[in-house]
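First up is the structure itself, then whatever we jot down about it.
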């Protein structure tokens, strides 16, 4: 069985890009410094042949970074089977019972994420999966309030979080910039004018 020490004498792995490169010349087709491995057409993923054995690059990434093989099937967070960046890989042996929550190996924390306009947004890292799921629920409430143009609900979320007004800029980057129909500036001006009235009813 291939070990981490053996792997690191043969290959270099960049966790940011997910690319493996040969540290030594293995053959005329696997030269030092070149990107290692090839694509498997059926799965659109990469594998690397080491001493007659073909290894999926996603599993090699775990061995390289963790020192041990993943215990379960390796899932890619962004569903791109060719993306072997370490943050994109999840050992399904350690998964969450909540939708929108998964384990991040590098940070050793639970990560919360949600999708808007078919794009995934990382909501941050948390010590427990329950805390991560709370972030998912709050984000989903916010997205729904914006879709419904429900300023009252948006304010309730702000009250629930007990955050200063500046926290709302944290949500703007993925939602409001792609939602001009909500007329964010006008809605916020109206929301501030009505703030006292809302506080009397909440």
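Any read-out appearing in this document is the output of simple, stated calculations on the displayed coordinates, not a laboratory observation. Note that the coordinates shown come from a computational prediction; the quantities given were computed from them, not determined experimentally. Cβ placement follows ideal geometry from the backbone for every residue including glycine, while neighbour counts extend to all protein chains displayed.
Couple of notes before you dig in:
- Distance between the pseudo-spin-label points of residue 43 and residue 31 (7 Å out from Cα toward the beta carbon): 2.9 nm.
- Here r is the Cβ-Cβ distance between residue 24 and residue 69 and R0 is 25 Å; the resulting FRET efficiency, rounded to 0.05, is 0.65.
- Each eigenvalue of the Cα gyration tensor of segment 1-93, multiplied by 5 and square-rooted, gives one semi-axis; in descending order these are 20, 15, 12 Å.
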